[in-house]
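The values are calculated or read from the model by the stated rules, or taken from the named source; none is laboratory data. The model shown is predicted, which means the values in this text are computed figures rather than measured ones. Backbone-built Cβ (ideal geometry, glycine too); neighbour counts: all protein chains shown. In case anyone asks, the SASA skips ligands and DNA or RNA and just uses the protein heavy atoms, side chains included. Shrake-Rupley method; radii C 1.70, N 1.55, O 1.52, S 1.80 Å.
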Amino acid sequence: MSTTVSLKSQKSMSAKQRAPVRPGRVLLHVFLVLMSLAWLAPLLWAMYAALRPYAETSDKGYVSWPDKLSFSNFTNAFTQSDMTHYFVNTLIIAVPAVLLTLFLSSMVAFYVSRFDFRVNLFLLLIFTAGNLLPQQVIITPLYRLYLLVDLPGITESGKLYDSALGLVLIHIAFQSGFCAFVLANYMRMLPHELTEAALVDGASVWRMYWQIVLPLCRPAMAALATLLSIWIYNDFFWAIVLISTGENMPITSALNNLSGQYFTDPNLVAAGALLTAIPTLIVYFALQRQFVSGLTLGANKG
């Protein structure tokens, strides 16, 4: 009898504790659902178009019920654009650019956050100001500079222009400022007692950086690695400016091979665009947990 009474009392208490459904909360959820659908609509529409043959859409229109859905556009886009070759070109550019950017920017962040010098703030401002400079402003001088730099035996073209090394360097130059700014703020949150204790024990500056501070920055490094991979992978601007040979282009230019001189199959292009997005999704899902923890760490710091 007592057990039944206790269960009834618990149910009544839980019912009282339940907050009433507020109209504002319902409107918020409806708004979030609608915005999510609006955000996913272009992707879903591209997927729908890629699964339909062009003859069917040209006859019925894109806003119509499909008679046949297949993956033939994906296989044709992969083979016609020689996507494997351009994937390799992109990896040759993106992997060194991401690793070197994180390495160099973490060294700058370690210096400005763990050592007290007069030029600390000024140095960080210089790196951050590089991100405020529009890329279009320096097209002409940078293009001329790349043509003047000779690298015989290092690049196939013999110059910094039309080489993967040139794209790697420009990505490092433009992305290091943002990464140094983020990592410097992240490293300031770490207790200074860690490096002070290591300094008392006789640890060198390199050891403090490599074995103490850098392992604690894994969430921030993973978040930045995700962003850098997506930004560099999706770059099309610098590849057009600094690469002239079609065989040296990254994956973003592979879609040009799907466009004919007199006719372009938009369904085939949609399939190719979806294929090029797969590596960025793989990187995001592989680093999703570290990415979210890196963005939210320090949010409750007060």
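Residues checked against (1) in a helix (DSSP H, G or I); (2) more than 21 Å from Trp238 (Cα to Cα):
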position	(1), (2)
Phe110	yes, yes
Phe117	no, yes
Thr128	yes, no
Pro141	yes, no
Tyr146	yes, no
Thr155	no, no
Val168	yes, no
Ala173	yes, no
Ala184	yes, yes
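Looking for something out of contact with any helix residue (DSSP H, G or I) (no Cβ under 7 Å at 6 or more places or on another chain), open to solvent by 30 Å² or more (accessible area, probe 1.4 Å) and over 30 Å from Asn131 (Cα atoms) - is there at least one such residue anywhere in region 177-188? No; the residues of region 177-188 include none that is out of contact with any helix residue (DSSP H, G or I) (no Cβ under 7 Å at 6 or more places or on another chain), open to solvent by 30 Å² or more (accessible area, probe 1.4 Å) and over 30 Å from Asn131 (Cα atoms). Return yes when Met221 is surrounded by fewer than 20 Cβ atoms within 10 Å (Cβ to Cβ) and either under 14 Å from the mean Cα position of the chain (by Cα) or more than 24 Å from Val95 (Cβ to Cβ) (or both) and no when it is not. No; evaluated as a whole, the condition is false for this residue.
Taking region 19-44, which residues are modelled with pLDDT under 90 and aromatic (Phe, Trp, Tyr)? Of everything in region 19-44, just one residue is modelled with pLDDT under 90 and aromatic (Phe, Trp, Tyr), namely Trp39.
Give the residue that is nearest to Pro96 (Cα to Cα), with candidates limited to residues of region 157-166 that are assigned to a loop (DSSP other than H, G, I, E, B) and free of Cβ contacts under 8 Å to residues at least 60 places away in the same chain. Explain how you work it out, then say what you get.
If we filter region 157-166 for residues that are assigned to a loop (DSSP other than H, G, I, E, B), which is where we start, we get 157-158, 160-163.
Going one step further and asking which of them are free of Cβ contacts under 8 Å to residues at least 60 places away in the same chain, we end up with 158, 160.
Values: Gly158: 20, Leu160: 16 Å.
Checked region 157-166; the qualifying residue nearest to Pro96 (Cα to Cα) is Leu160.
All but one of (1) over 17 Å from Met187 (Cβ atoms); (2) open to solvent by 20 Å² or more (accessible area, probe 1.4 Å) hold for Arg114; which doesn't? Looking at each condition in turn, Arg114 falls short on (1).
Of the numbered criteria (1) within 23 Å of Asn256 (Cβ to Cβ); (2) modelled with pLDDT of 90 or more; (3) hydrophobic (A, V, I, L, M, F, W, C), the one Ala77 fails is (2).
State whether the residues of region 243-253 include one that is of a type in the set (D, E, K, R), at pLDDT 90 or above, assigned to a helix (DSSP H, G or I) and open to solvent by 40 Å² or more (accessible area, probe 1.4 Å).
If we filter region 243-253 for residues that are of a type in the set (D, E, K, R), which is where we start, we get 247.
Narrowing the set further to residues that are at pLDDT 90 or above leaves none.
Checked against the condition, which is being of a type in the set (D, E, K, R), at pLDDT 90 or above, assigned to a helix (DSSP H, G or I) and open to solvent by 40 Å² or more (accessible area, probe 1.4 Å), region 243-253 yields no hits at all.
If only residues of region 199-218 that are open to solvent by less than 100 Å² (accessible area, probe 1.4 Å) and without any contact (Cβ under 8 Å) to a residue 24 or more places away in the chain are counted, the one that is nearest to Tyr186 (Cα to Cα) is Pro215.
Filtering region 24-52 to residues that are assigned to a helix (DSSP H, G or I) and closer than 21 Å to Leu275 by Cα leaves Trp39, Leu40, Ala41, Pro42, Leu43, Leu44, Trp45, Ala46, Met47, Tyr48, Ala49, Ala50.
Scanning region 53-83 for residues that are open to solvent by 40 Å² or more (accessible area, probe 1.4 Å), assigned to a helix (DSSP H, G or I) and farther than 18 Å from Leu274 by Cβ returns Ala55, Ser58, Asp59, Lys60.
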